[in-house]
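Enquirer: There's a structure below that I have some questions on.
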Amino acid sequence: QVQLVESGGRLTQAGGSLRLSCAASGRTFSSYVLGWFRQAPGKNREFVAAITWQGEGTTYADSVKGRFTISRDNAKNTVYLQMNSLKPEDTAVYYCAASVRFSIVQSEYDYWGQGTQVTVSS
């Protein structure tokens, strides 16, 4: 089992950058694929990015491709989401999640953090 705690969300202006972090407990961090998802007000939660067990592979939603970068540090049990060129439509609660499969499907993720709020003003 793994517990996830996100941090780094805040209010920022359009065009700015933020880096989200997600710290995991447990000694099996490298056994999990890590993903980021987000939920905007009044919308369903959606996939943002995912990274494989050792970080050798990544995938992104089209809406963030070229602007966001997911990375992980297995020695620190932490996954990151670097967000550049932020837009107001990126406003959402951002969640990290862990899965044993490399997937963009939410139901494939067994463990979830509590979320961190990102607000981008125009």
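The values are calculated or read from the model by the stated rules, or taken from the named source; none is laboratory data. Model, not experiment: these values are computed from the prediction. Cβ: placed from backbone, ideal geometry, glycine included. Neighbour counts: every protein chain shown. Just the protein is used for accessible areas: all its heavy atoms, side chains included, with ligands, DNA and RNA removed. Shrake-Rupley method; radii C 1.70, N 1.55, O 1.52, S 1.80 Å.
Enquirer: Looking at S25, S7, which is the one that is more than 14 Å from I104 (Cβ to Cβ) and either more than 15 Å from the chain's Cα centre (by Cα) or of a type in the set (A, V, I, L, M) (or both)?
Expert: On the way: S7 fails: either more than 15 Å from the chain's Cα centre (by Cα) or of a type in the set (A, V, I, L, M) (or both).
On inspection, the qualifying residue turns out to be S25.
Enquirer: Look at S7 and say whether it is at pLDDT 95 or above, open to solvent by less than 70 Å² (accessible area, probe 1.4 Å) and on the phi > 0 side of the Ramachandran plot. First the steps, then the outcome.
Expert: Working: at pLDDT 95 or above: yes; open to solvent by less than 70 Å² (accessible area, probe 1.4 Å): yes; on the phi > 0 side of the Ramachandran plot: no.
In short, no.
Enquirer: Same structure again: If you take the residues of segment 60-91 that are open to solvent by 50 Å² or more (accessible area, probe 1.4 Å) and of a type in the set (K, R), which of them is farthest from V2 (Cα to Cα)?
Expert: K87
Enquirer: Of the residues in segment 54-91, how many are assigned to a loop (DSSP other than H, G, I, E, B) and on the phi < 0 side of the Ramachandran plot?
Expert: Residues flagged as assigned to a loop (DSSP other than H, G, I, E, B) and on the phi < 0 side of the Ramachandran plot within segment 54-91 amount to 16.
Enquirer: Here's a follow-up. What's the total number of residues in segment 92-118 that are assigned to a loop (DSSP other than H, G, I, E, B) and open to solvent by less than 20 Å² (accessible area, probe 1.4 Å)? Talk me through it step by step, then tell me what you get.
Expert: As a first pass, look at segment 92-118 and keep what is assigned to a loop (DSSP other than H, G, I, E, B): 100-105, 109-110, 113-115.
From what's left, open to solvent by less than 20 Å² (accessible area, probe 1.4 Å): 103, 109, 113, 115.
Qualifying residue count for the region: 4.
Enquirer: When you scan segment 10-32, how many residues do you find that are loosely packed, with under 12 Cβ neighbours inside 10 Å, out of contact with any strand residue (DSSP E or B) (no Cβ under 7 Å at 6 or more places or on another chain) and outside any loop (DSSP other than H, G, I, E, B)?
Expert: Total meeting the criteria: 0.
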